[in-house]
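Structure record follows, encoded as structure tokens.
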Amino acid sequence: MDLRRNLEAVNERIARAAARAGRNREGIVLLAVSKVFPASAIREAYALGLREFGENYVQEFEAKNLELSGLPEARYHYIGHLQSNKAKLAAELFHVIQTVDSEKVARRLDSFAARPLDVMLEVKLSAESSKSGAVPEDLPKLVEAVRQCPRLRLAGLMTIPPWSEDAELSRPYFRRLHGLSEALGVPGLSMGMSHDLEVAVEEGATCVRVGTALFGRRKPAAAATP
Ligand SMILES: *Cc1c(COP(=O)(O)O)cnc(C)c1O
């Protein structure tokens with residue numbers, strides 16, 4: 001794995017998509033999804049200038065975090081499904097929780113957060129039963145509930161479309177999320193992964209979550225429990 005070269009390629013893809021869409025590259029955060037990879041991968045990425053990291057498993061990151069001192073500007077985003085019994089640990093470990101999908105989880109995060117905590121609402125836009133997230137109909141109430149939580153800062157919406165080889169099939173989901181963010185007045189948009197980040201940038205993503213294109217393929221053992 002040549003992280004430096006991969007990072008150049010990903011940055012190039014983001015920059016080209018932003019230019020095509022007439023957008024400013026600075027408005028798009030590259031979230032390096034480091035799940036399954038060791039703390040040393042985060043250190044290497046940090047040395048190359050990356051600052052935002054995405055993790056899916058609370059306990060995995062708890063262990064890695066012990067090896068991550070001395071990276072003062074690193075910000076860790078939780079992007080896995082959050083069970084409410086992990087909310088306390090997640091609120092301690094992460095700077096951003098991108099996957100809030102219920103009032104219960106929001107209130108637990110708020111009660112455990114020792115400092116202001118950025119949160120995004122995960123939105124479920126497809127009927128796939130495996131996907132978590134709040135359905136669009138429930139968003140207004142959830143947005144209101146999060147705004148009532150004194151320590152939570154509502155930073156945006158996040159979604160994961162059904163996986164497809166064809167990145168164009170993600171476009172309607174990204175467009176829908178953008179529409180919801182405008183309707184709700186919640187500006188951040190976390191959408192797009194290694195295979196469909198261009199489409200996401202064209203549709204307004206402010207954060208693309210990229211794992212494979214940076215760190216290489218994850219071992220199948222990656223399918224651990226959250
Ligand atoms: C693993 C993961 C990613 C990164 O996926 P890649 O295809 O490896 O870029 C992005 N978002 C979420 C929610 C993930 O679980």
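Taking the mean number of other Cβ atoms within 10 Å as a proxy for protection, how do you rank 71-83, 131-143 from highest to lowest?
71-83, 131-143
Anything over 20 Å Cα to Cα? Flag those among K35/K219; K88/K124; K64/K86; K35/K86, in the order listed.
Check vs 20 Å cut-off fails for K88/K124.
Using the Karplus curve 6.51 cos²θ - 1.76 cosθ + 1.60 with θ = phi - 60°, work out ³J(HN,Hα) for each residue of region 162-177 in order, rounded to whole Hz, and write x for Gly and Pro.
Coupling constants for region 162-177: x, 6, 8, 4, 8, 4, 4, 5, 7, 4, x, 5, 5, 5, 4, 5 Hz.
If each DSSP helix of 4+ residues adds -39,500 (n - 2.57) and the sum is divided by the residues in the chain, what number results at 222 nm, nearest 500 deg cm²/dmol? List each step's numbers first, then the result.
Details: 9 runs with 85 residues, N = 226.
That calculation yields -11000 deg cm²/dmol at 222 nm.
Give me Rg over Rh for the chain, both radii from the alpha carbons and Rh done the Kirkwood way, two decimal places.
0.94
Post the alpha-carbon centroid distance, region 76-136 to region 1-51, in whole angstrom.
After rounding, the separation between the Cα centres reads 24 Å.
Give me the extension gain from R75 to E144: residue separation times 0.36 nm, minus the current Cα-Cα distance, reported in nm with one decimal.
22.3 nm
Values quoted throughout were computed directly from the atomic coordinates according to the rules given, and no laboratory measurement underlies them. Source: prediction; values computed, not measured. As a convention, Cβ positions derive from the backbone with ideal geometry for all residues, glycine included, and neighbour counts pool all protein chains shown.
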